[in-house]
Amino acid sequence: MKKYNVAVVGATGLVGQTFLKVLKERKFPIEKLYLYASARSAGKKVDFDGKEYTVIELKDENIKNDIDIALFSAGGSISKEYAPKFRDKGAIVVDNSSAWRMDKDIPLVVPEANPEALDGQNGIIANPNCSTIQVMPVLKVLADKYGLKRVVYSTYQAVAGSGQKGIDDLEANLKGESSKNYPYQIAFNLLPHIDVFLDNGYTKEEMKMVEETRKILGLPDLKITATCVRVPVRMGHAVSVNVELEKPFDLKDVFKAFEEKEGVIVKDDVSKNVYPMPIDAADTDEVYVGRIRRDESVENGLNLWVVADNIRKGAATNTIQIAETLIKKGVI
């Protein structure tokens, strides 16, 4: 099996560390591994698959020219500056930030939904927002089978979506201390406020879900609205998805279609209290769907409850799945 030279940019962060965990678990074929981070973390030792690696400071002169694929999770400004530099040295960059997602020339990819978008890549590929990623496999099934008319998202997003600082705030609040990252206490509370507010009254997170869904599914005129809420859960996002379909459907057929979809696990037996929960999705790579039921208030309406580990499937795993798909396609 051919092996590849891999760079992880932002290697000491929460997602960067999860990159390494998932690369090992999925036995990604690595020849050389380069770990990059800020000057603050440079020189740290990191163990990976029985070997010790030294973290390299991210600066121009340290970019290697033999990197096949670079996995970025270092923030939007870093991605804007350094992704083109890695690409110019011959690497394909898969970026976890929002920097490139809505660039018309950059593919925005969830492999279970739009792998064909990788055929037109130019060296930089965007990984979608965590909440968007987890609903794409199930929405793709519905779009292909019935057509989509309207989508309403209501999210319940874990503090890990804010990185380590979000987890730290929850832990601090549980000890009676104030939040440093969030504007209010998150423990025993809900914050209908993720990212900054825009002029239209929506948050940036909400508009990300709207715009990214349209781009990934190739449906620029799809009617979508979203409300994104931070909840006092450490790990794992949940999304209530209300969908109006173009065509009539049989619920048994919907269940069957989800059960046959790669990467999707149906957990839905309300007679036995079986439904997806963040605690079940923790440290897994699948998307879980349940509470599948007809919305009787509209024609061809459907309600879904979708749960996934936001740091794995919602970030690290999807990024690595993109890299795996590039290999399958013979791009690298």
**Fill in**
In degrees, nearest 10, the alpha-carbon axis of helix 14-25 is tilted away from the dominant principal axis of the alpha carbons of the chain by 90 degrees
**Prompt:** In the stretch 153-306, what percentage of the DSSP-assigned beta bridges are antiparallel, given to the nearest 5?
**Reply:** 70 percent
**Equivalent ellipsoid semi-axes, the chain, via Cα gyration tensor eigenvalues times 5, rooted, Å** = 33, 24, 19
**Request:** With 27 Å as the limit, write out which pairs from Lys51/Lys180; Lys24/Lys145; Lys24/Lys272; Lys44/Lys85 have Cα-Cα distances beyond it, or answer none.
**Result:** Lys51/Lys180; Lys24/Lys145; Lys24/Lys272
**Length released on extending from Glu61 to Glu324, taking residue separation times 0.36 nm less the Cα-Cα span** = 91.9 nm
**Asked** Ignoring ligands, DNA and RNA, how do Trp100, Trp305 rank by accessible area with a 1.4 Å probe, largest first?
**Response** Trp305, Trp100
**Pairwise FRET efficiency - Val196 versus Lys175, Cβ, R0 = 41 Å, nearest 0.05** = 0.90
**Message:** Need one number: % antiparallel among DSSP beta bridges in the stretch 1-55, to the nearest 5.
**Reply:** 45 percent
**Request:** Go ahead and estimate [θ] at 222 nm for the chain from helices alone: -39,500 (n - 2.57) per DSSP H run with n ≥ 4, summed, over the residue count, rounded to 500.
**Result:** -8500 deg cm²/dmol
**Request:** Report the calculated FRET efficiency for Val270 and Ser154 (r = Cβ-Cβ distance, R0 = 25 Å), to the nearest 0.05.
**Result:** 0.80
**Prompt:** In percent, how large is the relative contact order of the chain, given Cα pairs closer than 8 Å and 6 or more residues apart?
**Reply:** 17 percent
**Message:** Can you return the aspartates and glutamates within cross-link range of Lys247? Criterion is Cα-Cα under 16 Å, with same-chain partners fewer than 8 residues away left out.
**Reply:** Asp144, Asp295, Glu296, Glu299
**Out-of-range pairs (alpha-carbon distance over 27 Å; input Lys2/Lys261; Lys21/Lys45; Lys149/Lys261)** = Lys2/Lys261
**Asked** Which of the listed residues, Val9, Pro232, Thr317, is farthest toward the dipole's positive end in the chain, when Lys, Arg count +1 and Asp, Glu count -1 at the beta-carbon?
**Response** Val9
**Prompt:** What is the dipole size for the stretch 1-78, taken about its Cα centre, with +1 at each Lys and Arg Cβ and -1 at each Asp and Glu Cβ, in debye to the nearest 20?
**Reply:** 240 debye
**Message:** Full-extension gain between Lys32 and Asp49, please, as 0.36 nm times their residue separation minus the C-alpha to C-alpha distance.
**Reply:** 4.9 nm
**Listed residues Ile311, Ile265 arranged by accessible area, highest first, probe 1.4 Å** = Ile265, Ile311
**Prompt:** For a paramagnetic label modelled at 7 Å from the Cα of Glu246 toward its Cβ, which residues of the stretch 142-158 fall within the zone defined by backbone nitrogen distances under 13 Å?
**Reply:** 142-150
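The values are calculated or read from the model by the stated rules, or taken from the named source; none is laboratory data. The model shown is predicted, which means the values in this text are computed figures rather than measured ones. Here the Cβ is made from the backbone with ideal geometry for all residues, glycine too, and neighbour counts use every protein chain on show. Note: areas computed on protein heavy atoms with side chains; ligands, DNA, RNA excluded. Shrake-Rupley method; radii C 1.70, N 1.55, O 1.52, S 1.80 Å.
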